[in-house]
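The values are calculated or read from the model by the stated rules, or taken from the named source; none is laboratory data. This structure is a prediction, so every number in the text was calculated from the model and none was measured. Positions of Cβ are backbone-derived with ideal geometry, glycine not excepted, and every protein chain shown enters the neighbour counts. Note: accessible area is taken over every heavy atom of the protein model, side chains too, but ligands, DNA and RNA are not part of it. Shrake-Rupley method; radii C 1.70, N 1.55, O 1.52, S 1.80 Å.
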Amino acid sequence: MTRAPLTLTTQDARRILLHLQGLSRSPTGKLRQEDLFQLVETLGYVQLDSIRTVERAHHHILFSRNQTYRPKQLDRLYAKGQCLTEQWTHDASIIPAKWFPYWKHRFPKVKAAYLKSAWWQKRVQDPERAIEQVWAQIDQSGPSAARHFETEKENVRETWWGWTPQKAALEYLWRTGELAVARRDNFQKVYDRTERVLLADHAEPEVTHTDFVDWACRSALDRLGIATAGEIARFWDAVNPKDAAQWLEKNGADGAIPVCVIDPKGSGKRDAFARPDIEEVLRDTEDPPSRIRLISPFDPVIRDRQRLKRLFNFDYRIEIFVPAAKRTYGYYVFPILEGERFIGRIDLKAFRNEDRLAVQGLWMEPKVKLSKLRRQKLEAELDRVRRFVGVGTVEPGLVG
């Protein structure tokens, strides 16, 4: 007998998402190293990004969930090499190392795509030589970064972002699982043989395709709560929507249950799927803190723009790749979360050499007013960000 879809509201769906993504918890508790690891596992992945207009994305993602977090905590946890590993999800991300066996399933496809790509063929004209040089350097000197090959630069102007063939080979060997990132030095990857970095996790056998799809879909839905096949596929960017749809059809009540998400304001309804325990999750979901928090443009909650707009009625895109004259808002603009609502966006920049955090623009959503109380909450969050970044002042003052 086919189960009738469970009816939920968009408010239910967004509250569940914030709960599962760690944004309903109190952000003030002490954050121990084991708590930090659990937070990364709760999120699933923490995207890495080099831009430091305010603070690098991976650090801000964690800070937005616990204001006591400081970057050195992740650096220490990552350096141990046994808890976390850097792998490619939709982008370079930190994930729990115990999931490495699932990534083995991806490596052959990545390898084939690399070798066929025009990017690889143009940048690495002698692949065998470049790869041999990488192995020789690592085996002779241990963990190595691209800078260790600077004397080998050839036709740098012809390489992508100034990459040498050896740098491209390092990335190829990392993306195909033969190398792992042992640590980051000033955000530059330091690579080593995977078996020396991941140890026991590296030795685990590759899972079957069926088990891989099951893990990818189940773990994605665990963190999204409610999703369509396409949204499940996009979470890890590891399976296609067809695989996800087949998994949903095959697993039934064991993996997912049908739901109908309705918008009480009349914008329609949407069929989706939910974790089997979704009713219990909803009962356990706490009210998000009423304080204001600035959310990283690379946050997992922000990443799926269509889903963000549907659940939160918040249309957002990061404009760092948009020419300045064509930007609607600014270069590095943070969504502003108040409780369970995105109420606006703010353009910030840290001028560390001037010891200040600059507010370069503030835009509230339609029908959202910057009341006295809301202004106070926003100023309190800006002061928390200031301390997190390590500068002395926030300038200029907010305008109404």
Selection from the range 1-20 of residues buried (at least 21 other Cβ atoms within 10 Å of the Cβ) and in contact with a Pro (Cβ under 6 Å, 6 or more places away or on another chain) yields LEU18
Of the listed residues (PRO27, PRO96, PRO108, PRO71), the one being of a type outside the set (Gly, Ala, Ser), touching a Phe, Trp or Tyr at 6+ places or on another chain (Cβ under 9 Å) and open to solvent by 10 Å² or more (accessible area, probe 1.4 Å) is PRO71
Per the filter on the range 30-58, residues assigned to a helix (DSSP H, G or I), open to solvent by 20 Å² or more (accessible area, probe 1.4 Å) and within 27 Å of GLU231 (Cα to Cα) are PHE37, GLN38, GLU41, THR42
| query | Does the range 1-15 include one or more residues that are in a loop (DSSP other than H, G, I, E, B), at pLDDT 95 or above and among the hydroxyl-bearing types (Ser, Thr, Tyr)? | reply | no
Residue pairs within 6 Å by beta carbon, gap of at least six or interchain, first lying in the range 20-31 and farther than 13 Å from VAL301 by Cα, second crowded, with 20+ Cβ neighbours inside 10 Å and of a type in the set (Ser, Thr, Tyr), listed first then second, are LEU31/TYR69
Checked pairs for the range 65-80, first closer than 22 Å to LEU18 by Cα, second part of a helix (DSSP H, G or I), C-beta under 6 Å and 6 or more apart or across chains, list as GLN67/ARG384; TYR69/LEU62; TYR69/PHE63
The one condition PHE314 fails out of (1) part of a helix (DSSP H, G or I); (2) without any contact (Cβ under 8 Å) to a residue 60 or more places away in the chain is (1)
Reported set for the range 92-107 where residues are within 24 Å of PRO165 (Cα to Cα) and in contact (Cβ under 8 Å) with a residue 60 or more places away in the chain is ARG106, PHE107
Inside the range 212-235, the number of residues satisfying the requirement of being aromatic (Phe, Trp, Tyr) and under 18 Å from the mean Cα position of the chain (by Cα) is 1
Condition set in a strand (DSSP E or B) and open to solvent by 50 Å² or more (accessible area, probe 1.4 Å), scope the range 348-363, selection farthest from GLU395 (Cα to Cα): answer is TRP363
Scanning the range 351-400 for residues that are under 17 Å from SER296 (Cα atoms) and of a type in the set (Asp, Glu) gives GLU381, ASP383
Considering the range 121-146, residues that are surrounded by fewer than 19 Cβ atoms within 10 Å (Cβ to Cβ) and among the basic types (Lys, Arg), and then whichever is nearest to the chain's Cα centre (by Cα), we arrive at LYS122
Output for Cβ contacts, cut-off 6 Å, separation at least six or different chains, first residue without any contact (Cβ under 8 Å) to a residue 12 or more places away in the chain in the range 162-176, second hydrophobic (A, V, I, L, M, F, W, C), reads GLY162/VAL156
